[in-house]
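Only one structure is covered here, and it is reproduced in the block below.
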Amino acid sequence: MRTHVFPFTTLLAGFVAVLVGYASSAAIIWQAAAAAGASATQIAGWMTALGLGMGVSTIALSLWYRMPILTAWSTPGAALLATSLQGLTLAEAIGVFIFANALIVLCGVTGLFARLMKIIPHTLAAAMLAGILLRFGLQAFHNVEGHFVLCGSMLLAWLVCKALAPRYAIVATLIIGALVAWLSGDIVTAKLDVAFVVPEFTRPVFNWTSFISIGIPFFLATMASQNAPGFATMQAAGYRAAVSPLIIFTGGLALLFSPFGVFSICIAAITAAICQSPDAHPDAAQRWKAAVAAGVFYLLAGVFGGSITALLAALPLSWIQTLAGLALLGTIGGSLFQALSQEKERDAAIVTFLVTASGVTLLGVGSAFWGLVAGGVCYAALSLARRA
């Protein structure tokens, strides 16, 4: 990719998005696969298949729509699988993946999900996004307590560059943080191994009991806690694409590659916000390039899927969390501004924000969904009261 077509800040946004996505939840994927009895080689194959699937879908959708459309695995879904797949065989787990992804495709074909997205007020969508991202912003400052030199230097670099050259604030933060971590001996590369693992096909076994007990909750968690925030993130950033085609495409791709360990491919939320922010490109019409860059890094991560855990172990967690939090500050501020801009909708928006930020999980469904539910109830009740 030529740098004058893809500016360095744009390439960096794509890299940070992929780094944050893998660093924040790759370990959960391994736990879910291990719970299903997958071997280390099979788990590495899952990581390869997921990286390739997300890379292909991100590049294809971003180029087609000319919008920064990132895909991701379902982190809430992976967390649910990690606690639910105990006692199932690997073949039965693959059967659950196929069942859940088939339900997602059906949801897209019928247009049910698109109709639900149209009735969500824009202020509530922005409030939900702010609530999702809040913990990442907090982590940027919380880590100072235990890693003062590393995180403090990154915060200082961000502040100085934000004042003098705002476009390169995240670049400076990444470089200074990496340099300090290296000088401090916090980057351990001795056991870093580069390897390509071919995904292994697993013949599925369909079990109706596991469909009901695991497949349906997994489907609900993926749609409510991953796809819904993903579309809300796009809307809050000013990008509007037809919902049903995206659900059909991502769900269909995941369905096709389910036998290779691709448990889900969804519309990304948190990582997408990095590529949809002004830091990725000052021109909103050009930010799709950041998503394409992220797609390329996804492909690279997939090719070297067997090395992902070793790479994550080499990087300090505090470095990754601080970088992610600072990269998302602009998006958090913009989302809060949109959420609270309408006085009549402000109470409902703040309820959405607080419930989402609380991290509460009810009936296996994450706080993003319940934030929208609570905010929607407040919105409807207060609107009726004003009319009365």
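Each residue of segment 371-380 in order: what ³J(HN,Hα) in whole Hz does its phi give by Karplus 6.51 cos²θ - 1.76 cosθ + 1.60, θ = phi - 60°, with x for Gly and Pro?
With the stated coefficients, segment 371-380 comes to x, 5, 5, 5, x, x, 4, 4, 4, 5 Hz.
Got a sec? Which residues in segment 282-302 would a label at residue 196 touch, if it sits 7 Å along Cα→Cβ and we count backbone N under 20 Å?
Those under the cut-off are 295-302.
If you take the alpha carbon radius of gyration of the chain and divide it by 2.2 N^0.38 Å, what ratio comes out, to two decimals?
0.96
Tally Lys/Arg at +1 and Asp/Glu at -1 over every other residue whose Cβ is under 15 Å from the Cβ of residue 352; what's the total?
0
Towards the positive end of the charge dipole of the chain, with charges on Cβ (+1 Lys, Arg; -1 Asp, Glu), say which of 341, 169, 82 has the farthest Cα.
Projecting each Cα onto the dipole axis, the largest value belongs to 341.
For residue 66, project a label point 7 Å along Cα to C-beta. Then give me every residue of segment 232-260 with its amide nitrogen under 16 Å of that point.
Zone members listed by number: 239-242.
Tell me which residues come under 5 Å, amide H to amide H, from residue 71 once H is placed; ignore anything under 5 positions away on its chain.
Under 5 Å from the amide H of residue 71: 58, 268.
Compute the Cα gyration tensor for segment 245-285, then decide on rounded, prolate or oblate, letting a ≥ b ≥ c be the square roots of its eigenvalues: rounded whenever a/c is under 1.5, prolate when a/b is larger than b/c in the other cases, and oblate in all that remain.
prolate
Go ahead and estimate [θ] at 222 nm for the chain from helices alone: -39,500 (n - 2.57) per DSSP H run with n ≥ 4, summed, over the residue count, rounded to 500.
Calculated from helices alone, the mean residue ellipticity at 222 nm is -22000 deg cm²/dmol.
Of 196, 242, 231, whose Cα points farthest to the positive end of the dipole of segment 192-290 (charges on the beta-carbon: +1 Lys, Arg; -1 Asp, Glu; origin at the Cα centre)?
The residue sitting most towards the positive pole is 242.
Provide the FRET efficiency to the nearest 0.05 for the residue 342-residue 138 pair, computing r from the beta carbons and using R0 = 30 Å.
0.70
Taking Cα pairs under 8 Å and at least six residues apart, what relative contact order does segment 29-123 come out at, in percent?
Relative contact order, segment 29-123: 36 percent.
With +1 on the Cβ of every Lys and Arg and -1 on the Cβ of every Asp and Glu, and nothing else charged, how large is the dipole of the chain about its Cα centre, in debye rounded to the nearest 20?
My answer is approximately 820 debye.
Label 7 Å along Cα→Cβ of residue 385; segment 331-360 residues with amide nitrogen under 19 Å?
340-355
Label residue 286 and residue 110 with points 7 Å out from Cα along Cα→Cβ: what is the distance between them in nm?
Each label point is offset 7 Å from its Cα along the Cβ direction, giving 4.4 nm.
Taking the Cα-to-Cβ direction at residue 34 and at residue 203 and moving 7 Å from each Cα, how far apart do the two end points lie in nm?
Placing both labels 7 Å along Cα→Cβ, they lie 2.9 nm apart.
Computed from the coordinates by the stated procedures, all read-outs in this text should not be read as laboratory data. Predicted model, so just to flag it, every value in this text is computed and none were measured. When we count neighbours, we look across all protein chains shown, and the Cβ atoms used for this are built from the backbone with ideal geometry, even at glycine.
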